[in-house]
1. Could you check what % of the DSSP bridge pairs in segment 1-88 are antiparallel, to the nearest 5?
2. If the convex hull of the alpha-carbon atoms of segment 160-211 is projected onto planes in all directions, what is the mean projected area in square nanometres?
3. Grab the beta carbon distance between residue 158 and residue 73, set R0 = 22 Å, and tell me the FRET efficiency rounded to 0.05.
4. Report the normalised scattering of segment 63-104 as log10 I(q)/I(0) at q = 0.15 Å⁻¹, calculated by the Debye formula with identical scatterers on the alpha carbons.
5. Multiply the residue separation of residue 111 and residue 208 by 0.36 nm, subtract the distance between their alpha-carbon atoms, and state the gained length in nm to one decimal.
6. Students often check this: by mean Cβ neighbours within 10 Å, which of 3-9, 109-115 ranks highest, and how do the rest follow?
7. Grab the beta carbon distance between residue 175 and residue 52, set R0 = 30 Å, and tell me the FRET efficiency rounded to 0.05.
8. Please work out the Cα center distance from segment 86-137 to segment 145-167, rounded to the nearest Å.
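Only the coordinates and a few stated rules stand behind these numbers; no lab work does. All values reported here derive from a predicted model rather than from experimental measurement. Positions of Cβ are backbone-derived with ideal geometry, glycine not excepted, and every protein chain shown enters the neighbour counts.
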Ligand code: PCA
């Protein structure tokens, strides 16, 4: 099995993004699955094609996109992507869409195929905070999650895909009082556990609730 794991590059005022810092340190193999790692730009108009090209050339079974969610506590697997770009700030290409559909002929929203209940439970079992998120926002993270789902619906019906947000690193909150953060080692541990769970749960349904 092949899993493409992507991480965004730094954006806004931050010089580092925990997403690609985590992704690039993942082992090359997790639970016998081959891990392909890719840094992607925090840019609405470019990130989708970068991931699309990699899907076409590498034929992964799964795509897991990882992004930073400053202000969130713990790792949050996302359940749903919505057909909306609405930037609170401009992206790395200085582009800021307001209230734009992502794909004119796309669904209003797509659910992930990943077992988010089991993944969240597995991360908590490692002693790390985790909860399922019901909104990936309307910035570039929601955009890539939506784009991969749209491609799945139109081009790659066998693909399973989803998204996880991770918090700021401690170095990012030095001048942000009372802001949650999580160490890189904990991020890596949590993402590895989530991927292990995806592999173990392959072909099974994610029925149990996490509570
Ligand atoms: N987080 C942003 C985009 C890139 C990233 O890492 C988001 O949550 O949309």
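1. Roughly 15 percent of the beta bridges in segment 1-88 run antiparallel, per DSSP.
2. 5.0
3. 0.05
4. Listed by q, the Debye log ratios stand at -0.52.
5. So the extension gain works out to 33.2 nm.
6. 3-9, 109-115
7. 0.20
8. Centre-to-centre (Cα) distance: 10 Å.
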